[in-house]
Amino acid sequence: MNPPGFLRTAWIVYGVDLRIERRTGEATITALLFAALVLVVAAFALAESGAEAAAAGPAAFWIAVGLSANLAVVRSWTRERDDAALDGLLLSPVPRAGILAGKTASLATSLLAVELALVAPAILFFRVSVPASAAWIVPAAILATLGIAVVGSLFGAMVVGGPSADLLVGIAVYPLLIPLFLGVVEVSRAALLGGGWAEVSGWTMLLLAFDVALGAGALWLFGHVVEE
């Protein structure tokens, strides 16, 4: 029997991660609770400052998602380090890039679940009106989430299992993600203010280009990273 190719490997890894997460919820629930706490604190702080809802809401929302992503990354890759599960994957005749793609997809799924759960509280806390143009936020959010997931998965594989993994993941990941967070916040602000494609296209295209560059680099680097 031929060994599975890239797509088959990614699907297998994604399916296994999804079943484990559905059973335990350790990455998603931990990230959601932390993100909700950050969102509540930010909502009260920004409400007191009188900040504009269309600007403050997206900023607080993505700060909460970004900080909680650190916990999701660590929990996701800790599972692979436990009982040498990652070593078993690496010994199997599968493409290394497929492992990263599957882990990225499972992490992105967890983060999207967190984001969906935070939407209603964010609208309520910041009293944000949701015009029809808010639909432009959806593709930007998906692109930003994929970028967070691919970078988090790459660096999670490098440092999880070592001392101070939470700190190391944060130090490695967040500087690379600044353009993603700026982009999705700007798209969200423009969309909530009623802007159309002309107002959001520049940042959305930047998010897409950034994802392509990050994805290509991560897929190329992953095999070298895990062999070290």
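What residues from region 3-44 fall in the zone where the backbone N is under 14 Å from a label point 7 Å along the Cα-to-C-beta line of L91?
No residue qualifies, since no backbone N sits under 14 Å from the label point.
Please give the residues of region 57-80, grouped as numeric ranges, whose backbone N is less than 15 Å from a label point set 7 Å along the Cα-to-Cβ vector of V41.
So the set is 60-71.
What relative contact order, as a whole-number percentage, does the chain give when Cα pairs under 8 Å and 6 or more residues apart are counted?
Once divided by the residue count of the chain, the mean separation gives 26 percent.
Could you sort E199, E186, E80 by accessible area so the largest value comes first, with the probe set to 1.4 Å?
Details: E199 105, E186 60, E80 20 Å².
The residues order as E199, E186, E80, largest area first.
Please check: in the Gaussian network model of the chain (C-alpha springs, under 10 Å), which one of V74, V187, V41 has the largest mean-square fluctuation.
Greatest mean-square fluctuation among the candidates belongs to V41.
Show me the helices of the chain, taken as full DSSP H stretches, that run 15 Å or more along their long axis by Cα and average 0.5 or above in Kyte-Doolittle hydropathy.
26-49, 53-81, 96-126, 137-159, 165-192, 197-227
If each of R23 and V119 carries a label point 7 Å out from its Cα toward its Cβ, how far apart are those two points in nm?
My value for the distance between the label points is 3.0 nm.
What is the Cα centroid distance between region 169-228 and region 64-105, reported in whole angstrom?
Measuring centre to centre over Cα atoms gives 20 Å.
Given the options T204, T145, T24, which has the most mean-square fluctuation in a GNM of the chain, springs set between C-alpha atoms less than 10 angstrom apart?
Largest GNM mean-square fluctuation: T24.
With every protein chain present, what is the per residue accessible area of the chain (1.4 Å probe, Å²)?
Normalised by residue count, the accessible surface of the chain is 48 Å².
Which value at 222 nm does the chain reach when only helices count, each DSSP H run of 4 or more adding -39,500 (n - 2.57), with the total divided by all residues and rounded to the nearest 500 deg cm²/dmol?
The per-residue figure over the chain is -29500 deg cm²/dmol.
With N residues in the chain, what two-decimal value do you get for its Cα radius of gyration over 2.2 N^0.38 Å? Kindly include the intermediate steps, with their values, before the conclusion.
Working: Rg = 18.0 Å, N = 228, 2.2 N^0.38 = 17.3 Å.
Against the compact-globule rule of thumb, the ratio is 1.04.
Counting only protein heavy atoms and using a 1.4 Å probe, what share of the accessible area of the chain belongs to carbon plus sulfur, as a whole percent?
Summing carbon and sulfur atoms, their accessible area is 72 percent of the total for the chain.
The values are calculated or read from the model by the stated rules, or taken from the named source; none is laboratory data. Treat the numbers as computed from the prediction; the structure is a model and nothing was measured. So basically every Cβ, Gly included, is an ideal-geometry build from the backbone, and we count neighbours across all protein chains shown. In case anyone asks, the SASA skips ligands and DNA or RNA and just uses the protein heavy atoms, side chains included. Shrake-Rupley method; radii C 1.70, N 1.55, O 1.52, S 1.80 Å.
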